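What follows is calculated from the coordinates using simple rules that are stated; it is not laboratory data. Since the structure is predicted, the reported quantities are computational estimates derived from the model, not experimental observations. As a convention, Cβ positions derive from the backbone with ideal geometry for all residues, glycine included, and neighbour counts pool all protein chains shown.
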Amino acid sequence: MQPQGDIALIGLAVMGQNLILNMNDHGFTVVAFNRTVSKVDEFLAKEAKGTKVVGAHSIEEMCAKLKRPRRVMMLVKAGQAVDDFIALVAPHLEPGDIIIDGGNSLFGDSERRRKELEAKGLLFIGTGVSGGEEGARHGPSIMPGGSPAAWEHVKPIFQSVAAKVEDGTPCCDWVGEGGAGHYVKMVHNGIEYGDMQLIGEAYHLLKTGLGMSADEIQAVFAEWNKGVLDSYLIEITRDIMAFRDKDGKPMVDKILDAAGQKGTGKWTVIDSMEHGIPITLISEAVYSRCVSALKSERVEAAKVLKGPGDGKIKVADKKAFIDSIRDALYASKIVSYAQGYMLMTSAAKAYGWTLNYGGIALMWRGGCIIRSRFLGKIKEAYDNNPKLGNLLLDPYFVKEVGDAQAGWRQVIAAAVTAGIPVPAFSTALAFFDGYRTENLPANLLQAQRDFFGAHTYERVDEPRGKFFHTNWTGRGGDTSSSTYTV
Ligand code: 6PG
């Protein structure tokens with residue numbers, strides 16, 4: 001009998017199962033495999049009952065059931081497990097067959113895996129898949145990169161199962177070579193950290209600063225979700241506020257304030273350091289999770305370190321202040337996405353990728369965790385000017401940030417006065433003010449570096465790239481240290 005399988009999927013955790021069922025719904029025959037093989041039979045007997053899904057009890061059987069070129073997708077834990085499965089699968093494949101890693105892998109690993117597999121004549125795709133369990137089942141955002149020759153073979157499957165925007169365009173397109181797909185997913189996750197932190201700060205101000213109840217806060221988020229902040233994360237925050245524990249009290253109040261993280265936000269920040277790109281908001285979001293995780297230390301510190309007052313924000317017009325919090329969230333969000341795009345632009349240059357920035361916004365427009373109406377505006381900005389240097393300079397966003405600016409500043413000032421931490425709101429504003437400032441005090445910093453270490457400086461009255469050294473004390477010599485920029 002001729003092999004029937006269109007694609008194999010390894011890893012039957014909930015994401016894997018749901019993606020298989022989604023592919024099945026779109027007419028593809030999926031071969032399911034799992035390291036603990038009993039799970040294959042359980043899946044076929046339960047969730048996949050009545051579908052075309054085929055089970056395999058060994059890697060060999062799985063590969064034998066696939067049409068050529070074979071497409072083997074893994075949804076397993078990032079790291080060693082991916083390499084282990086590749087080592088098991090590759091010997092059963094032939095030149096031109098494709099291995100797809102759909103986990104949250106580090107982009108450098110995807111780059112390496114592509115090279116290793118291509119050396120064996122195999123093709124590799126490292127793809128971001130976003131949207132959680134529900135996305136996997138009903139339409140995720142899919143961000144594939146890797147071996148370009150593999151794309152035409154996975155495109156029909158990926159684009160049919162992906163989420164679609166209003167006009168039917170799939171939230172999936174080719175991102176670029178090597179690790180580009182996983183890179184874009186990493187930045188997506190970094191932005192996700194930022195969005196969540198911003199929402200958390202707004203919640204903190206509403207709850208602690210204004211003393212609002214979960215129900216009142218629910219109404220605020222419901223309102224915000226009808227405007228420029230319309231997004232999946234605002235929507236679920238609204239629903240979380242309404243959710244009650246068994247005793248009828250808000251569930252959110254029963255949850256310990258110590259955040260977890262699996263590492264993709266941290267990777268984004270680490271790579272931003274390599275490129276010298278200030279993604280200050282994502283960095284603050286990662287560090288804020290770290291501060292939250294110091295729960296027992298904070299409990300002790302709270303007894304000793306006193307703030308300015310009772311932590312309440314005194315406002316004359318509560319409704320107007322809530323609007324200002326919305327503006328602070330919105331303006332900060334614009335800065336965060338601008339920073340995320342700055343990082344992708346720099347990475348594309350460094351790693352030799354041609355990224356389609358509007359296309360990325362479209363991929364994130366639906367299906368994924370950061371999906372929002374706002375991303376449609378980013379797509380428009382890049383459609384209007386594909387060479388846009390910085391999102392903050394797009395005319396639409398210039399106006400939006402301008403309009404939100406007064407409220408943004410007012411909220412940060414009030415939070416600082418009341419002693420409520422708003423690290424993401426404030427770092428966004430600090431970046432905005434820094435970015436729009438023609439003359440920063442780095443002239444002094446350069447003078448200091450030259451003073452103590454002969455590190456040299458450039459002059460305002462000489463062309464860029466010419467370096468000077470001054471013998472500041474009369475004691476040092478005229479020899480300068482070499483000039484280089486990390
Ligand atoms: C997605 C998410 C997902 C991520 C979780 C958990 O796009 O569906 O980004 O990939 O793993 O959100 O991430 P943290 O544990 O780091 O918060």
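Couple of notes before you dig in:
- In the stretch 357-369, of all residues being surrounded by fewer than 24 Cβ atoms within 10 Å (Cβ to Cβ) and in contact with an Asp or Glu (Cβ under 7 Å, 6 or more places away or on another chain), the one that is nearest to Asn390 (Cα to Cα) corresponds to Gly358.
- Residue match in the stretch 330-341 (condition: touching a residue at least 40 places away in the same chain (Cβ under 8 Å) and over 16 Å from the mean Cα position of the chain (by Cα)): yes
- Test for Tyr357: is it free of Cβ contacts under 8 Å to residues at least 60 places away in the same chain, away from the ligand (no atom under 16 Å from the Cβ) and either acidic (Asp, Glu) or more than 23 Å from Ile270 (Cα to Cα) (or both): no
- Selection within the stretch 135-169 - without any contact (Cβ under 8 Å) to a residue 24 or more places away in the chain and at negative phi: Glu152, Lys155, Pro156, Gln159, Glu166, Asp167
- Residue check: Leu229 meets all listed conditions (1) buried (at least 20 other Cβ atoms within 10 Å of the Cβ); (2) part of a helix (DSSP H, G or I); (3) away from the ligand (no atom under 16 Å from the Cβ) but one, namely (2).
- Members of the stretch 208-226 that are within 29 Å of the chain's Cα centre (by Cα), surrounded by fewer than 18 Cβ atoms within 10 Å (Cβ to Cβ) and not in a helix (DSSP H, G or I): Lys226
- Residue selected from the stretch 99-133 under the condition without any contact (Cβ under 8 Å) to a residue 60 or more places away in the chain and out of contact with any strand residue (DSSP E or B) (no Cβ under 9 Å at 6 or more places or on another chain), by the criterion nearest to the ligand (Cβ to nearest atom): Arg112
- Any hit, the stretch 382-398, residues being more than 16 Å from the ligand (Cβ to nearest atom), in contact (Cβ under 8 Å) with a residue 40 or more places away in the chain and closer than 30 Å to His138 by Cα: no
- The stretch 360-381 - residue that is part of a helix (DSSP H, G or I) and charged (D, E, K, R) and, of those, nearest to the ligand (Cβ to nearest atom): Arg365
- From the list Ala258, Ala302, the lone residue that is over 24 Å from Gly128 (Cα atoms) and within 16 Å of the ligand (Cβ to nearest atom) is Ala258.
- Scanning the stretch 264-295 for residues that are touching a residue at least 40 places away in the same chain (Cβ under 8 Å), within 15 Å of the ligand (Cβ to nearest atom) and surrounded by fewer than 19 Cβ atoms within 10 Å (Cβ to Cβ) turns up just one, Tyr287.
- Residue match in the stretch 308-327 (condition: crowded, with 21+ Cβ neighbours inside 10 Å and within 16 Å of the ligand (Cβ to nearest atom)): no
- When residues of the stretch 166-207 are limited to those that are assigned to a strand (DSSP E or B) and surrounded by fewer than 24 Cβ atoms within 10 Å (Cβ to Cβ), the one nearest to the ligand (Cβ to nearest atom): Pro170
- When residues of the stretch 246-255 are limited to those that are among the basic types (Lys, Arg) and surrounded by 10 or more Cβ atoms within 10 Å (Cβ to Cβ), the one nearest to the ligand (Cβ to nearest atom): Lys254
- For Arg289, the stated conditions do not hold, so it cannot be described as in contact with a helix residue (DSSP H, G or I) (Cβ under 9 Å, 6 or more places away or on another chain), in a helix (DSSP H, G or I) and farther than 26 Å from Ile191 by Cα.
- Matching option when the condition is more than 16 Å from the ligand (Cβ to nearest atom), free of Cβ contacts under 8 Å to residues at least 12 places away in the same chain and of a type in the set (Phe, Trp, Tyr), among Phe221, Phe243: Phe243
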